[in-house]
Amino acid sequence: MKDDDNKILQEVTGSDYKYGFYTDIEMDQAPPGLTEDTIRFISAKKNEPEFMLEFRLKAFRHWQTLKEPEWAHVEYPSINYQDLIYYSAPRKKPKYDNIDEVDPELLETFEKLGIPLDEQKSLAGVAVDAVMDSVSVGSTFKKTLEEQGVIFCSFSEALQKHPELIKKHMGTVVPYTDNFFAALNSAVFSDGSFAYIPKGVKCPLELSTYFRINAANTGQFERTLIVAEEGSYVSYMEGCTAPIRDENQLHAAIVEIIAHKDAEVKYSTVQNWWPGDKEGKGGVYNFVTKRGICEGDNSKISWTQVETGSAVTWKYPSLILKGDNSTGEFYSVAVTNNKQQADTGTKMIHLGKNTRSTIISKGISAGQSNNSYRGLVKTSKKAENARNFSQCDSLLLGDQSGAHTFPYLDVGNRTSIVEHEATTSKISEDQLFYCLQRGIDMEGAIGLIVNGYAKEVLSKLPMEFAVEAQKLLSVSLEGSVG
Amino acid sequence: MLNIKNLSASINGKTIISGLNLEVKEGEVHAIMGPNGSGKSTLASVIAGRETFDVDEGTITYMGKNLLDLPAETRAREGIFLGFQYPVEIPGVSIANFMRTAINEKRKYLGLEPLTGAEFLKLMEEKKKMVDIQSKLTNRSVNEGFSGGEKKKNEIFQMAMLEPRLAILDETDSGLDIDALKVVAKGVNKLRRPDNATIVITHYQRLLDYITPDFVHVLYDGRIIKSGDKNLALELEKKGYDWVKKEAPAGV
Ligand SMILES: Nc1ncnc2c1ncn2[C@@H]1O[C@H](COP(=O)(O)OP(=O)(O)OP(=O)(O)O)[C@@H](O)[C@H]1O
Ligand SMILES: [Mg+2]
């Protein structure tokens, strides 16, 4: 009978990617390979200030001295970095003021993805800065933001218009020396987003950026920088899906957040990149470095993420709690199915007094996937009365998937209190039958149970994002039963 | 409405129901009694379509359909409701959300539009009153942290919401205080209609004081060994099961 359950679960979880398609847009791209010339090409293409090119070159030279990390609980064929293409952009020059000027094919793509670049969404209070193949193509509600002095634009645009802000903050949270992928990104990053919230401003809109990978064999290297000045507030949302492709696609992004005194930043992610086929072939490799610093006293940063995609995920949104009384939060749902592998978690580095951090991690593994939580909580000598609470739960579907928890503790202060709780559970046959008996089919039952399990995290997402995320959780575990 | 003929069912090769016959007509209430482990819950599960049990022999027809051809969720949508002996917890899923999903699945199956939020809330308020359950309960996660009695009341509430044609209540009276027992009985009686039927599985005559059965069956060793009217329940209460067991013919 147990075999029966497993068979059912297998069928249910053996789902096909619903959003897979490929759009053909003429590319303007760099030849494959990575040399100093490639970097000069990228920088010139983007008409960058001199300091940027220097930064890139320094990062590149450093990267050449590094080896790809092997400590994560993931396996993938080695990547030949000389085979990748490091720059590609839609041929038509971007910088549209009006959505009508945007390539209709591109808009159609967005439509299929359900990306709300339309009026409706704008009215709902969202300014969208859509990023496709590394170049920003559309912006709405800039005016509302401008009136408040909020800057929200593509990274390239920021480099042209606000080079001093970029120069001042870029690389201060994630230096290019941080790790292999951070160095790579710093050398070749193509574009990304920049948000700046001036002193005392509560950003009136949820800022959202949609990322997408679309070019064959193109590594995508996004870079996001968010600066929240004293007493400001911003909620930032990032979401993405990707088309079905045969080649593995590398994604190595960097996100940096700086929160000054009394500032608060909420960063939410829904990630649904192409996870590969049932054999795990062709999915996206997602190697991301995300880090925020609570620079000032009483500042707060929270990461909320729903991760369902990618073949391999390597991602640890982290926080440095430097200001006294600052607060860090990490809420995560990570789903792996089929042969997906995820090694994700967070680092909370307590430096200031009375700093607080909360970690809630919910892993869901189905199929033959592997889902690992890796978290570090560190309190420094000066972090008096620092507190952390961590809760790491794993939910297993079937008996071929794996869940692993690697909590690391480094307590440098006797007054700090660190608590860690962990559970592992399974969806029981009793629960499934209870749902079936009420007329809910197997897919619906799994969707319901999984969403219930992840509720604590989903409730931290902005409302409309939460609805999308709920659908995504169901879809990513859905199969062909019925 | 329900016709079970010569049913045999097993789990992991172990036969639990063997050669069972039962006919339930519209408008009837049947009580099934029997010692622990005699197969009452198994019978309920097999009727509801739980796949952990294998049906080895026999037929079940329900409203003219071959029930054994239908998966569990279809049986539910066709109007079969099982009030569980041990209702399971579903953390993070509110009763309201759970019921809304269930009702709309059923409506979809029947070719009806889903209920709007407002319609659903109205229905829920109505039924909550009917079965007298606490308002707060429906906002809580399904059975999570519920007391034994609350779990059973929640089953009756769900039954009221889903308006089944055939309800099977598996020891819904166990663990209830006398007031709750009356509430459960009241719920069952209010939902009783000429075109639906109820099977109550119970160990206690006291429930049958409130829900008057048309038939009482004794299930023993996977078979119905004696049937009678409500007086049989009274007799069982007084004398226990031994005399029935002795009377029962060996084999079938
Ligand atoms: N999943 C299972 N695996 C093995 N044996 C089982 C399983 N489910 C039921 N049984 C066995 O089948 C027999 C009948 O069980 P069932 O639960 O149907 O009894 P019951 O009449 O409902 O008893 P009670 O009055 O205690 O509720 C018991 O011997 C029980 O141990
Ligand atoms: Mg029982």
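The values are calculated or read from the model by the stated rules, or taken from the named source; none is laboratory data. Note that this is a predicted model, so its numbers are computed, not measured. Glycine also receives a Cβ, built like all others from the backbone with ideal geometry; neighbour counts cover every protein chain displayed. The protein model used for the area step is the full one, side chains on, heavy atoms only, and it has no ligands, DNA or RNA in it. Shrake-Rupley method; radii C 1.70, N 1.55, O 1.52, S 1.80 Å.
Among the GluC sites (Glu not before Pro) in the stretch A:265-355, those placed in a DSSP loop whose Cβ has at most 14 other Cβ atoms within 10 Å are A:Glu279. Take the Cα of A:Ile417, step 7 Å toward its Cβ, do the same at A:Ala44, and the gap between the two points is 6.1 nm.
Per-residue mean of foreign Cβ neighbours for B:87-95 is 6 (Cβ atoms of other chains, 10 Å radius). Summed over both chains, the area buried between B and A is near 2300 Å², taken from the accessible surface of protein heavy atoms with a 1.4 Å probe. Post the alpha-carbon centroid distance, the stretch A:433-462 to the stretch A:371-404, in whole angstrom. Distance between centres, Cα-based: 24 Å. Percentage of Cα-Cα pair distances in the stretch A:282-379 greater than 23 Å, rounded to whole percent? Counting pairs separated by more than 23 Å, the tail of P(r) holds 29 percent. Projected label points at B:Asp229 and A:Thr358, each 7 Å from Cα along the beta carbon direction, are separated by 6.4 nanometres.
Once the convex hull of all Cα atoms in the stretch A:261-327 is built, its volume per residue stands at 61 Å³. Working from label points 7 Å from Cα in the Cα-to-Cβ sense, the B:Ile178 to B:Thr212 distance is 2.2 nm. Under the convention that each Lys and Arg Cβ holds +1 and each Asp and Glu Cβ holds -1, the size of the dipole of the stretch B:114-252 around its Cα centre is about 140 debye. Ellipsoid fit via the Cα gyration tensor, the stretch A:359-459: semi-axes of 35, 14, 9 Å, each the root of five times an eigenvalue, largest first. Annotation: lysines with alpha-carbon distance below 17 angstrom to A:Lys167 (same-chain offsets under eight excluded): A:Lys46, A:Lys58. Which loop-located chymotrypsin sites (Phe, Trp or Tyr not before Pro) does the stretch B:1-97 contain, where loop means any DSSP state but H, G, I, E or B and the Cβ has at most 11 other Cβ atoms within 10 Å? Here no chymotrypsin sites (Phe, Trp or Tyr not before Pro) fit, given the DSSP loop and packing criteria. Over 20 Å apart at the Cα level, from the set B:Lys40/B:Lys245; B:Lys128/B:Lys152; A:Lys278/A:Lys315; B:Lys153/B:Lys182; A:Lys168/A:Lys315; A:Lys143/A:Lys199, are A:Lys278/A:Lys315; A:Lys168/A:Lys315. Residues of the stretch B:65-107 with an amide N closer than 15 Å to a point placed 7 Å from the Cα of A:Asp430 along the Cα-to-Cβ direction: B:84-91. If you take the Cα centroid of the stretch A:150-201 and the Cα centroid of the stretch B:8-37, the two points sit 70 Å apart. Using the Cβ-Cβ distance between A:Asp399 and A:Ser459 with R0 set to 25 Å, the FRET efficiency works out to roughly 0.25. Counting only Cα atoms, the stretch B:1-120 measures 48, 34, 26 Å along its principal axes, largest extent leading. Using all pairs of distinct alpha-carbon atoms, the Kirkwood hydrodynamic radius of chain B works out to 18.8 angstrom.
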